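Undergrad: I'd like to ask you about the structure that follows.
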Amino acid sequence: MTSEMERTGGADRSTRSGVALQLVELCRSWGSVHALDGLSLDIAAGELVAFLGPSGCGKTTALRIIAGLDEADSGEVLVEGEDISRVRASRRGMGMVHQAYSLFPNMTARDNVAFGLLMRKVGKVERRRRANDLLDLVGLGQYASRYPSQMSGGQQQRVALARALAIEPRVLLLDEPLSALDAKVRGELRDEIRRIQLEVGTTTVFVTHDQEEAFAMADRVAVMHLGRLEQVAPPTEIYQRPRTAFVAEFVGLTNRLPGVAQAGMVDVLDSQVPLLDGSAEAGDVTVLVRPESIQVTPSPDGNATVAAMSFRGAICLLRIRLAAGNVVLVQVPSAESAELALGASVRATMRAVPVLAVAASLGQDERSRVDGQVPGPQE
């Protein structure tokens, strides 16, 4: 597993300048709808935490409460141990970047960045110096005199980021700031935001429904559903060691396979593999299996046939039909797919990786928690 120093480009967290942020039992409801249901989370100084989840899970509500744009029904928001729950938004020292760029169209990039400093009565010379420094930081020093209409969407969002950083915020809040951009620009700006956040060291909360963004940027990912935290962990742990069926099925692609659990192990696909913590411990179970956790080899007396193949560059996605009739998604290196063909008989077995298993018959409440939220074998 990648070390923390490797993940953060060698940055030492002890040198970061951010502040600690705590959310304590936050609740927010509108009638019978519980947007937040006892949300608690400790965020370390200088850490970037991504709130990830489907629409309506409560992630944006949490961000707005941190910013002071909404008020919790109960609970506390603490910065460095100080409760700011009743402090006005303008006095919280938060910097926020929205999905919409929200730049002043009649102001240059430099003036947009300096606006927050103007409101804080910072002198003209210092405003200009700090605005220029921040435009250099986001790679737009040469565009300081341009107006928003003269810049691309990605450039405008960089200006918005610089403006949020100009006031030296205690916490930086990012509300799906990349969702309006095309894929190439989104990827580039995602990496830039992470670079800048590590360089500046500001504690950051990032809201997104995009798993790739969350995994690429965050120190930890907080997966939310129905106003609650399902799991908070580094990206690799969220993906490889999900603690609940919702996390396993919401993050990435997941197959559901029948198995039998006993003594910390499960029999599935003619293989025996270890169970993750939180799994059903005995009897018939449904095993949640990643496509890359299945290996296939050509075999005339195999237990499956290749139903479809999709070349994806370095990898190939296969849909195999098991003898029982169910279709399973498998990911293999493209070099290995050369031995396979449509209709070929293959033997599908499990790689030796731990898996999560749930009771074979989920209750109605648990079933509703995962239905409609997962891509499934059909993608």
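Undergrad: Report whether or not L229 is within 28 Å of G56 (Cβ to Cβ), at pLDDT 95 or above and crowded, with 16+ Cβ neighbours inside 10 Å.
TA: yes
Undergrad: Could you list, in sequence order, the residues of the stretch 176-188 that are assigned to a helix (DSSP H, G or I) and surrounded by 19 or more Cβ atoms within 10 Å (Cβ to Cβ)?
TA: Within the stretch 176-188, just R186 meets the criteria.
Undergrad: Restricting attention to the stretch 339-350, does a residue exist that is at pLDDT 90 or above, loosely packed, with under 15 Cβ neighbours inside 10 Å, touching a helix residue (DSSP H, G or I) at 6+ places or on another chain (Cβ under 8 Å) and closer than 28 Å to G264 by Cβ?
TA: no
Undergrad: Only one residue in L78, L69, L63, L39 is more than 23 Å from I193 (Cα to Cα), at pLDDT 90 or above and outside any strand (DSSP E or B), so which one is that?
TA: L69
Yes/no per residue for (1) out of contact with any Pro (no Cβ under 8 Å at 6 or more places or on another chain); (2) more than 25 Å from S334 (Cα to Cα):
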site: V247; (1), (2): yes, yes
site: R256; (1), (2): yes, no
site: M265; (1), (2): no, yes
site: S279; (1), (2): yes, yes
site: D284; (1), (2): no, yes
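Undergrad: Next up: For L178, state whether it is under 26 Å from G46 (Cβ atoms), among the aliphatic types (A, V, I, L, M) and touching a Phe, Trp or Tyr at 6+ places or on another chain (Cβ under 6 Å).
TA: no
Undergrad: Moving on to the next point. At least 2 residues that are within 26 Å of E47 (Cα to Cα), touching a Ser or Thr at 6+ places or on another chain (Cβ under 8 Å) and outside the structural domain of V330 (by TED's automatic domain parsing) in each: list the strands (runs of 3 or more DSSP E) lying fully within the stretch 209-319 that qualify.
TA: 228-233
Undergrad: Within the stretch 175-185, is there a residue that is among the hydroxyl-bearing types (S, T, Y), farther than 29 Å from E237 by Cα and in the same structural domain as I43 (by TED's automatic domain parsing)?
TA: no
Undergrad: Something else now. Being part of a helix (DSSP H, G or I) and at pLDDT 95 or above is the filter here, so list the residues in the stretch 160-175 that pass it.
TA: Those that are part of a helix (DSSP H, G or I) and at pLDDT 95 or above: none in the stretch 160-175.
Undergrad: Now for a separate question. How about the stretch 290-333: which of its residues are aliphatic (A, V, I, L, M) and out of contact with any helix residue (DSSP H, G or I) (no Cβ under 9 Å at 6 or more places or on another chain)?
TA: Within the stretch 290-333, I294, A304, V306, A307, A308, I320, L322, A323, A324, V327 qualify.
Yes or no, residue by residue, for (1) aliphatic (A, V, I, L, M); (2) without any contact (Cβ under 8 Å) to a residue 40 or more places away in the chain:
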position	(1), (2)
M224	yes, no
V232	yes, no
R241	no, no
E249	no, no
L253	yes, no
R256	no, yes
V266	yes, no
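Undergrad: Using the structure shown, decide if L198 is surrounded by fewer than 23 Cβ atoms within 10 Å (Cβ to Cβ), among the aliphatic types (A, V, I, L, M) and part of a helix (DSSP H, G or I).
TA: yes
Undergrad: For residues that are among the small types (G, A, S) and under 28 Å from G53 (Cα atoms), scanning just the stretch 260-281, find the one that is surrounded by the most Cβ atoms within 10 Å (Cβ to Cβ).
TA: S279
Undergrad: Tell me which residues, restricted to the stretch 91-113, are of a type in the set (G, A, S), surrounded by 18 or more Cβ atoms within 10 Å (Cβ to Cβ) and over 10 Å from A164 (Cα atoms).
TA: Result: A109, single match.
Undergrad: Could you please find all residues in the stretch 133-159 being part of a helix (DSSP H, G or I), touching a helix residue (DSSP H, G or I) at 6+ places or on another chain (Cβ under 9 Å), under 19 Å from V97 (Cα atoms) and among the polar types (S, T, N, Q)?
TA: Q155, Q156, Q157
Undergrad: Tell me the residue from G58, G53 that is buried (at least 22 other Cβ atoms within 10 Å of the Cβ), of a type outside the set (A, V, I, L, M) and within 19 Å of L178 (Cβ to Cβ), please.
TA: G53
Undergrad: Same structure again: Being free of Cβ contacts under 8 Å to residues at least 12 places away in the same chain and either among the small types (G, A, S) or under 26 Å from S90 (Cβ atoms) (or both) is the filter here, so list the residues in the stretch 169-213 that pass it.
TA: A183, G187
Undergrad: Report the residue count in the stretch 311-338 for those that are surrounded by 15 or more Cβ atoms within 10 Å (Cβ to Cβ) and farther than 17 Å from S299 by Cβ.
TA: Final tally of qualifying residues: 7.
The values are calculated or read from the model by the stated rules, or taken from the named source; none is laboratory data. What you see is a predicted model; the values in this text were computed from it and never measured. We place every Cβ from the backbone using ideal geometry, glycine too, and count neighbours over all the protein chains shown.
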